[in-house]
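The values are calculated or read from the model by the stated rules, or taken from the named source; none is laboratory data. Note that this is a predicted model, so its numbers are computed, not measured. Cβ atoms come from the backbone with ideal geometry, glycine included; neighbour counts cover every protein chain shown.
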Amino acid sequence: MFIAGRQVDGEGAPVPVIEPATEESIGNVRSASPEQVSEATAAAKRSARTWRDTPAPERGEMLHALSTWMTDHSDDIAFTMTREGGKPLVENRDEMGWSASCFDFYAELARVERGRVVPSGEQGQLNLVVKEPYGVVAAIVPWNYPILLLAWKIAPALAAGNTVVIKPSPYTPLSTLALAEGCAEIFPEGVVNIVTGEGDVGTALVADPDVAMVAFTGSVETGKKVAHAAADGMKRVHLELGGKDAFIVCDDVDLEVAAKGAVWAAYLNGGQVCTSAERFYVLDDVYPDFVEAFVEETKRLVVGDPMADETDIGPLVRDVQRRRVEDQLSEAKSQGAKVLYGGDREGFDRGYFLRPAVVVDVDESMRLMTQETFGPVAPIARVGDLGEAILRANATEYGLGANVYTLRLDYMLRCMDELEAGTVWFNDPLTDNEAAPFGGMKASGGARELGPEGLEEFRQSKHVHIDTKMDVKSWWYPYADYVRYQAEHGTAPG
């Protein structure tokens with residue numbers, strides 16, 4: 001682990017790191033003991049005042065330095081991510097590039113402003129809104145994008161002047177721990193800390209009295225537990241939770257292009273993306289042709305060794321995740337759904353592989369259409385018109401993202417206004433922009449990452465009221481003088 005600028009061994013039980021492609025252990029990472037969690041948060045708190053007082057340009061230079069370090073070590077960390085997470089190497093190399101860029105973005109954004117000046121009530125006064133850090137931020141990060149989703153939290157947190165304690169997923173701790181070397185070279189002692197372990201370590205971290213804010217990405221159910229636990233200490237919570245994103249295909253599309261985009265949105269990282277397209281609503285006129293094109297595109301995908309350049313889809317992260325997906329598929333089939341392709345383990349004797357599935361004859365009575373799947377499954381439903389598609393897309397507790405394929409401006413405007421999602425992509429699925437916010441509505445959480453909004457999440461506002469005159473105010477005691485003046489002049493003095 002990494003505590004107070006030093007690499008240390010965990011004092012808790014060892015947790016094996018399993019390679020999803022082979023089902024073999026590639027190492028053990030010891031968990032943090034409760035005392036080590038406290039040591040990490042205490043180190044972060046000791047450094048908090050010095051770090052927040054460090055000028056923003058200096059903090060920014062260190063963020064730029066970490067970005068450069070990550071770029072220089074990109075291949076090694078991407079290789080580690082592929083071994084411990086199963087995501088294809090080509091995708092992990094992209095992840096490293098996006099992550100480094102995030103640090104560069106916030107290095108510059110935090111230099112732009114620290115608040116604002118607002119109009120004052122009187123002459124000779126100055127009113128400021130000053131933005132300040134919370135203090136120690138606990139960043140609890142998932143396994144599907146272990147470096148990118150870490151960057152989306154700690155880059156703005158550090159840029160705003162907070163210190164951090166990171167807890168990676170026990171499935172993918174090695175890539176996060178690889179960052180410790182760069183952090184040790186660049187940041188002052190205690191500014192960045194990393195503790196490892198399973199849920200009990202996260203629980204201790206959320207409950208620690210030195211933690212002022214908890215930033216968490218994960219499932220809705222775990223997010224609720226984090227929010228409840230943080231409420232006892234009145235901690236600020238930043239929750240980016242699950243999704244069940246809809247993908248609407250309108251009747252004016254180029255079917256070849258739409259099918260390719262839909263397949264990518266459904267199966268990126270084996271469907272293990274919070275914004276994966278997990279429900280497809282296709283207008284009646286194009287439904288048969290779209291389904292045919294979608295199946296053909298899916299059949300072309302190469303499932304296999306995630307280290308190979310030709311691989312499109314690697315294994316799922318664990319067998320428990322694969323079985324959860326298979327259970328949803330089996331249940332849907334028992335309720336009348338039809339699997340046109342995939343959904344099996346054929347050809348794979350080891351590794352948590354699952355061939356991408358295309359499913360039709362689906363409706364909202366099935367868990368496959370209402371609960372997060374987080375696997376390579378594309379359920380496709382026929383709808384009569386755009387209104388029905390929007391209605392069914394919104395009929396869920398989730399509201400993370402939504403995709404729409406159309407070139408009709410009236411369709412775009414209607415979807416933009418009516419879809420209940422934090423991001424709506426038209427004709428370009430799952431594309432993020434560092435300058436624009438990412439986050440959800442409803443049960444998907446109200447936090448925002450990226451953009452100026454992402455920085456704002458890690459700052460709190462302070463109103464500063466300055467009066468340059470030291471004089472007596474007419475509305476002070478005694479009130480008798482104040483009332484008498486009003487009666488005589490019909491107005492308040494001053």
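Being in the same structural domain as E108 (by TED's automatic domain parsing), surrounded by fewer than 24 Cβ atoms within 10 Å (Cβ to Cβ) and farther than 19 Å from D210 by Cα is true for just one of E185, E189. Which residue is that?
E185
Any idea which of E61, E95 is acidic (D, E), touching a residue at least 24 places away in the same chain (Cβ under 8 Å), surrounded by fewer than 17 Cβ atoms within 10 Å (Cβ to Cβ) and closer than 30 Å to Y134 by Cβ?
Unique residue meeting the criteria: E61.
Quick check on my filter: what residues within the range 334-386 are part of a loop (DSSP other than H, G, I, E, B), over 31 Å from the mean Cα position of the chain (by Cα) and not hydrophobic (A, V, I, L, M, F, W, C)?
Selection gives Q335, G336, E346, G347, D349, D361, G384, D385.
Can you tell me which of (1) small (G, A, S); (2) crowded, with 20+ Cβ neighbours inside 10 Å; (3) under 29 Å from I140 (Cα atoms) is the one A229 doesn't meet?
(2)
I'd like to verify a number: residues in the range 300-333 that are farther than 30 Å from C250 by Cα, of a type in the set (D, E, K, R) and in a helix (DSSP H, G or I), how many?
Within the range 300-333, residues that are farther than 30 Å from C250 by Cα, of a type in the set (D, E, K, R) and in a helix (DSSP H, G or I) number 5.
Listed here are the residues, each with its yes/no results for (1) of a type outside the set (A, V, I, L, M, F, W, C); (2) farther than 24 Å from E456 by Cβ; (3) buried (at least 19 other Cβ atoms within 10 Å of the Cβ); (4) touching a strand residue (DSSP E or B) at 6+ places or on another chain (Cβ under 7 Å).
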{"position": "P156", "(1), (2), (3), (4)": "yes, no, yes, no"}
{"position": "A160", "(1), (2), (3), (4)": "no, no, yes, yes"}
{"position": "V165", "(1), (2), (3), (4)": "no, no, yes, yes"}
{"position": "G223", "(1), (2), (3), (4)": "yes, no, yes, yes"}
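For (1) surrounded by fewer than 23 Cβ atoms within 10 Å (Cβ to Cβ); (2) in the same structural domain as A277 (by TED's automatic domain parsing); (3) aliphatic (A, V, I, L, M), each residue gets a yes or a no:
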site: T370; (1), (2), (3): yes, yes, no
site: A378; (1), (2), (3): no, yes, yes
site: A389; (1), (2), (3): no, yes, yes
site: G399; (1), (2), (3): no, yes, no
site: R408; (1), (2), (3): yes, yes, no
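State the number of residues belonging to the range 320-329 that are within 11 Å of M366 (Cβ to Cβ) and either exposed (fewer than 15 other Cβ atoms within 10 Å of the Cβ) or not polar (S, T, N, Q) (or both).
Residues meeting the conditions: 1.
Surrounded by fewer than 17 Cβ atoms within 10 Å (Cβ to Cβ), farther than 25 Å from I248 by Cβ and within 14 Å of the chain's Cα centre (by Cα): is that true of E453 in this structure?
Against the criterion (surrounded by fewer than 17 Cβ atoms within 10 Å (Cβ to Cβ), farther than 25 Å from I248 by Cβ and within 14 Å of the chain's Cα centre (by Cα)), E453 qualifies.
Hey, does the range 285-296 have a residue that's under 19 Å from N403 (Cα atoms), under 29 Å from the mean Cα position of the chain (by Cα) and of a type in the set (F, W, Y)?
Checking the range 285-296: at least one residue is under 19 Å from N403 (Cα atoms), under 29 Å from the mean Cα position of the chain (by Cα) and of a type in the set (F, W, Y).
Which of the following residues is touching a residue at least 40 places away in the same chain (Cβ under 8 Å), surrounded by fewer than 16 Cβ atoms within 10 Å (Cβ to Cβ) and over 22 Å from V192 (Cα atoms): G27, G85?
G27
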